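Heads up, the thing below is written out as structure tokens.
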Amino acid sequence: MDNMIHYHGTPLSGATEQQILFYRGRHALMSWPSYSPIHIPITECCRSFCIDNGAFTFWKEMQQVDWHDFYSFVMDWIRHPRFDFFLIPDVIGGTVEENNALIEECWDTMPDSGVPVFHVGEPLERIDMFIRKYNFTRIAIGTTKGFELKSLLFWNEMRKIFDHLCIDGVPRTKVHGLRMLDPEIVEAFPFSSGDSTTATRKATFNTEWEGYPYAPVSKAARASLVADRIERGQSPSFYKPKPIQLDLI
């Protein structure tokens, strides 16, 4: 298995020069709600990029969204030579039926390059639907309320997911981890790719670097330092089952 791909959130705080210094040769995650002209030089210098629909951002800000506008946005990028995939819209905290309807809508609109999101805690049969009905070659796993990253419930459900997803330790499809570039998570499961905004977020705030005598001054150098540490974490080629705690009654 090739090295796992680490997608870093965009944009980085700072001028175009800072964007180029950090993203050159790296993989980038472009979020639709935060798109601006600064993303053009990023997509020109990065190794590859994927597109996030921004559902979590819209949910936090309680904004209604017309997903047809998102698909129009994706169409402008889908033929770009560095474009990898886009995340199919989902309803944060929504029902399985609501999210399945969005999968069907995407399939009818633009079936190529879309990646469906499986939310931790959902019925595992939904994974089978992604693979058998739609033949998705990659799925994304995301967290929801009650299954926060690295909580006991999170680890328990993730083990259930990969127990169900894998045959002889090998996932039946490629797996992308949403906000899952923490090395502890990366090294526990056979991800093909993952994303986070950790590097760009930590580079933004000076308070993150107070007290370090050799702390980088530029945003690009700060982000590179964090990203290099993150990218050391690589997923295993095979999943090794671990004990699952019995569901609490």
- Note on the structure: For the stretch 41-92 the number of residues that are free of Cβ contacts under 8 Å to residues at least 24 places away in the same chain, of a type in the set (D, E, K, R) and under 23 Å from D108 (Cα atoms) is 4
- Item | Of all residues in the stretch 77-108 being of a type in the set (F, W, Y) and modelled with pLDDT of 95 or more, the one that is surrounded by the most Cβ atoms within 10 Å (Cβ to Cβ) | F86
- Query: Within the stretch 36-43, is even one residue closer than 24 Å to I5 by Cα and in contact with a Phe, Trp or Tyr (Cβ under 6 Å, 6 or more places away or on another chain)?
  - Reply: yes
- Is the stretch 202-219 home to any residue that is touching a residue at least 40 places away in the same chain (Cβ under 8 Å) and at positive phi? no
- Query: Do the conditions hold for F130, that is, is it in contact with a Gly (Cβ under 8 Å, 6 or more places away or on another chain), of a type outside the set (K, R) and more than 27 Å from R229 (Cα to Cα)?
  - Reply: no
- Item | Residue list for the stretch 180-217, filter: modelled with pLDDT under 95 and outside any helix (DSSP H, G or I) | F205, E210, G211, Y212, P213, Y214, A215, P216, V217
- Message: Condition check: part of a strand (DSSP E or B) and surrounded by 15 or more Cβ atoms within 10 Å (Cβ to Cβ). Does F130 satisfy that?
- Response: no
- Task: For T137, work out the one condition from (1) under 18 Å from the mean Cα position of the chain (by Cα); (2) among the hydroxyl-bearing types (S, T, Y); (3) surrounded by 15 or more Cβ atoms within 10 Å (Cβ to Cβ) it doesn't fulfil.
- Result: (3)
- Can you name the residue in the stretch 160-182 that is basic (K, R) and open to solvent by 60 Å² or more (accessible area, probe 1.4 Å) and, of all such residues, is farthest from S196 (Cα to Cα)? R172
- Within the stretch 83-138, the residues that are among the hydrophobic types (A, V, I, L, M, F, W, C), in contact with a His (Cβ under 8 Å, 6 or more places away or on another chain) and over 17 Å from S193 (Cα atoms) are L124, I127
- Message: Given the condition open to solvent by 30 Å² or more (accessible area, probe 1.4 Å), of a type in the set (V, I, T) and not in a loop (DSSP other than H, G, I, E, B), answer yes or no: does some residue in the stretch 109-119 qualify?
- Response: yes
- Is it the case that some residue within the stretch 207-222 is open to solvent by 70 Å² or more (accessible area, probe 1.4 Å), farther than 30 Å from N156 by Cα and of a type in the set (G, A, S)? yes
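The values are calculated or read from the model by the stated rules, or taken from the named source; none is laboratory data. Values in this document were obtained by computation on a predicted structure and should not be read as measured data. As a convention, Cβ positions derive from the backbone with ideal geometry for all residues, glycine included, and neighbour counts pool all protein chains shown. Note: areas computed on protein heavy atoms with side chains; ligands, DNA, RNA excluded. Shrake-Rupley method; radii C 1.70, N 1.55, O 1.52, S 1.80 Å.
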